[in-house]
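Novice: Got a structure here, written out as structure tokens. Questions coming.
The values are calculated or read from the model by the stated rules, or taken from the named source; none is laboratory data. Keep in mind that what you see is a predicted model, and the values were worked out from it rather than measured. Virtual Cβ from ideal backbone geometry, glycine too; neighbours counted across all protein chains shown. Ligands, DNA and RNA are stripped out before the accessible areas are found, and what is left, the full protein with its side chains, is counted by its heavy atoms. Shrake-Rupley method; radii C 1.70, N 1.55, O 1.52, S 1.80 Å.
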Amino acid sequence: MIFSKAGFGGAVADFEAAVVAQDAKRSGKAFIRLQETFGRAKETELFAGGPRLAAVLEQVPPSPRAVVAVLVGACVERGADAERCAPGVLAGLRAALEGAVAFGEAWAATGGGAFPVPDDGEPGEEIVERTGFEAAVGWWTLSQWEMAAVALLNHRAVRAGLDGEAVRAGLDEEAAGAGLDERAAGARLDDATVRGQAGSGRGELLRLLTAVAQASGQELRCLSYALQVLDDEPLVVLHRPSATGYLLRLSGIGDNFQLHTLLADALIGGGHVAGRAPSPQEVAVCRETPGQVETAGSFELVAPDGGRLWNEGTPADIPVVDGVRLLVLDEPSYARSWPAGRFFPGMRGDLILERALEPEETERWFARVSPAGELTG
């Protein structure tokens with residue numbers, strides 16, 4: 001077979017044509033060339049190649065499909081259009097998760113035992129006999145699908161596309177009852193991952209991911225956290241030492257370490273409450289500057305019921321009260337430091353202080369939280 005064009009662009013074109021024609025020999029050769037030429041690919045080849053590969057993913061045989069998805073994610077990381085690539089990659093992720101769930105069920109039904117650890121090859125004959133080929137491949141390739149999907153989920157438009165259109169009926173009344181202004185009500189989007197919108201794409205992926213984790217005992221933390229990222233999400237924060245309250249809005253924050261630093265910047269750095277304000281460098285790496293900078297804790301993050309909210313968790317862990325996430329800040333119970341930065345280096349994080357709450361609003365919110373006391377959890 002004489003390839004029509006050298007380089008990654010030519011490999012993409014040949015692979016695309018071979019897959020559509022179901023030419024296994026030709027697609028196998030092009031598949032090898034995709035991997036060999038990617039590192040030398042030009043920007044224009046990556047921009048065009050990512051969406052073209054994503055579009056034929058469903059037709060690629062199960063075993064190499066995940067590797068092609070990883071290549072698509074790598075194209076996105078280097079500038080390819082994430083929204084155009086998302087449908088193919090996320091459909092493949094869902095199929096892999098469904099396969100991994102089926103693998104867990106078949107594994108348990110055929111004697112159970114420790115889940116096999118996938119290697120670089122295909123699942124062995126004994127494993128396939130126990131679970132079936134597609135289920136085995138789903139489990140075997142899941143880490144690759146995680147890598148590909150997270151590359152796309154770094155992009156806010158992809159995350160929004162997973163949720164579809166938010167249901168907005170009744171938001172104004174709900175917000176009015178909770179003490180939020182009209183602007184806060186109009187901008188809020190229900191987050192499907194934590195508010196039970198079972199029909200959303202995000203919620204379904206999380207359901208499958210949870211089932212895989214329960215069966216295997218292995219957590220795909222990066223994928224789980226990426227699927228739980230909130231955007232344009234209102235957050236009411238009560239600072240117990242000063243008895244003050246604030247309305248903020250967060251987007252693209254991967255974990256509570258990142259949130260903690262940005263909260264300290266908004267409230268302490270903004271002159272609203274006393275404490276240690278993070279440096280500009282600490283704040284910058286939590287927004288979009290590459291790298292990490294050592295920082296220290298300024299608060300204890302507490303749920304309305306008095307439970308501890310760990311920095312290792314995510315903003316989606318913050319409970320919803322009267323339709324809005326409600327967080328209490330106490331004095332830190334012990335000194336703690338960590339490298340400030342972003343859990344997802346490719347994702348821009350943001351936290352905006354919209355306004356300080358009026359004393360009457362603050363009092364109403366404090367009435368919804370447990371009194372200060374020993375932390376639980």
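Novice: How many percent of the accessible area of segment 31-173 is carbon or sulfur, using a 1.4 Å probe?
Specialist: Numbers: 3600 of 6920 Å².
Roughly 52 percent of what the probe reaches on segment 31-173 is carbon or sulfur.
Novice: On to the next question. Could you give the alpha-carbon Rg of segment 33-76 over 2.2 N^0.38 Å, rounded to two decimals?
Specialist: Details: Rg = 9.9 Å, N = 44, 2.2 N^0.38 = 9.3 Å.
Output field value: 1.07.
Novice: Could you give the length gained on full extension between R348 and V67, defined as 0.36 nm per residue of separation minus the Cα-Cα distance, in nm?
Specialist: Details: separation 281, 0.36 × 281 = 101.16 nm, distance 2.64 nm.
Gain in length upon complete extension: 98.5 nm.
Novice: Tell me, rounded to the nearest percent, the portion of alpha carbon pairs in the chain spaced more than 32 Å apart. The partial results should precede the final answer.
Specialist: Numbers: 30177 of 70876 pairs.
Pairs farther apart than 32 Å: 43 percent.
Novice: If you don't mind, there's one more thing I want to ask. How many percent of the alpha carbon pairs in segment 236-351 exceed a separation of 20 Å? Don't skip to the end; give the middle numbers.
Specialist: Working: 2305 of 6670 pairs.
Cα-Cα pairs of segment 236-351 separated by over 20 Å account for 35 percent.
Novice: What ranking of M147, M347 comes out by heavy-atom accessible area, probe 1.4 Å, highest first? Walk me through the intermediate numbers first.
Specialist: Working: M147 115, M347 5 Å².
Final ranking, largest accessible area leading: M147, M347.
Novice: Moving on. How far apart, in nanometres, would the label points at D23 and W310 be if each is projected 7 angstrom from Cα along the Cα-to-Cβ direction?
Specialist: Those two pseudo-labels are separated by 5.3 nm.
Novice: When the distances between all Cα atoms of segment 40-162 are binned every 10 Å from zero, what whole-number percent does each bin get?
Specialist: Whole-percent P(r) values from 0 Å outward: 14, 42, 27, 14, 3, 0.
Novice: What are the ³J(HN,Hα) couplings of segment 360-370, residue after residue, when phi is run through the Karplus curve with 6.51, -1.76, 1.60 and θ = phi - 60°? Round to Hz, x for glycine and proline.
Specialist: Karplus values, whole Hz, x for Gly and Pro: 5, 4, 4, 4, 5, 5, 4, 5, 8, 10, 6.
Novice: Label points 7 Å out from Cα along the Cβ direction at A243 and T210: separation in nm?
Specialist: Placing both labels 7 Å beyond Cα along the Cβ direction yields 3.9 nm.
Novice: Can you give the helix-only mean residue ellipticity at 222 nm for the chain, where every DSSP H stretch with n ≥ 4 adds -39500 (n - 2.57) and the sum goes over all residues, rounded to the nearest 500 deg cm²/dmol? Spell out each step's value before the answer.
Specialist: On the way: 16 runs with 183 residues, N = 377.
About -15000 deg cm²/dmol.
Novice: Now a separate question. How large is ³J(HN,Hα) for each residue in segment 106-119, as worked out from phi by the Karplus curve 6.51 cos²θ - 1.76 cosθ + 1.60 (θ = phi - 60°), to whole Hz, x for Gly and Pro?
Specialist: 5, 4, 5, 6, 10, x, x, x, 4, 5, x, 8, x, 10
Novice: Taking the dipole about the Cα centre of segment 1-95, with the C-beta of Lys and Arg at +1 and of Asp and Glu at -1, give me whichever of F31, A69, A13 is farthest to the positive side.
Specialist: Value: F31.
Novice: FRET efficiency for E77 and E105, Cβ-Cβ distance as r, R0 = 45 Å, nearest 0.05? Don't skip to the end; give the middle numbers.
Specialist: Values: r = 34 Å, r/R0 = 0.76.
It comes out at approximately 0.85.
Novice: Compute log10 of I(q)/I(0) for segment 302-348 with the Debye formula, placing one identical point scatterer on every Cα and leaving out solvent, at q = 0.17, 0.20, 0.21, 0.27 Å⁻¹, to two decimals.
Specialist: -0.65, -0.84, -0.89, -1.10
Novice: Taking all pairs of distinct Cα atoms, average 1/r, flip it, and tell me the Kirkwood hydrodynamic radius of segment 219-266 in Å to one decimal place. Don't skip to the answer; put the middle values down first.
Specialist: Details: mean 1/r = 0.0830 Å⁻¹.
Here the Kirkwood hydrodynamic radius works out to 12.1 Å.
Novice: Evaluate Rg over Rh across segment 1-78, taking Cα atoms for both radii and Kirkwood's formula for Rh. Walk me through the numbers before you get to the answer.
Specialist: Working: Rg = 11.0 Å, Rh = 12.0 Å.
Result for segment 1-78 is an Rg/Rh of 0.92.
Novice: Next question. In nm, to one decimal, how far is the Q35 label point from the H272 one, both placed 7 Å along Cα→Cβ?
Specialist: With each label point 7 Å from Cα toward Cβ, the separation is 5.1 nm.
Novice: Semi-axes of the equivalent ellipsoid of segment 64-104: what are they in whole Å, largest first, if each equals the square root of 5 times a C-alpha gyration tensor eigenvalue? Display every interim value, and only then the final one.
Specialist: On the way: eigenvalues 102, 21, 8 Å².
Sorted largest first and rounded, they come to 23, 10, 6 Å.
Novice: Report, in cubic angstrom per residue, the convex hull volume of the C-alpha atoms of segment 243-289. Mind dumping the intermediate values first?
Specialist: On the way: hull volume 3.7 nm³, N = 47.
In segment 243-289, the Cα hull volume divided by residue count equals 78 Å³.
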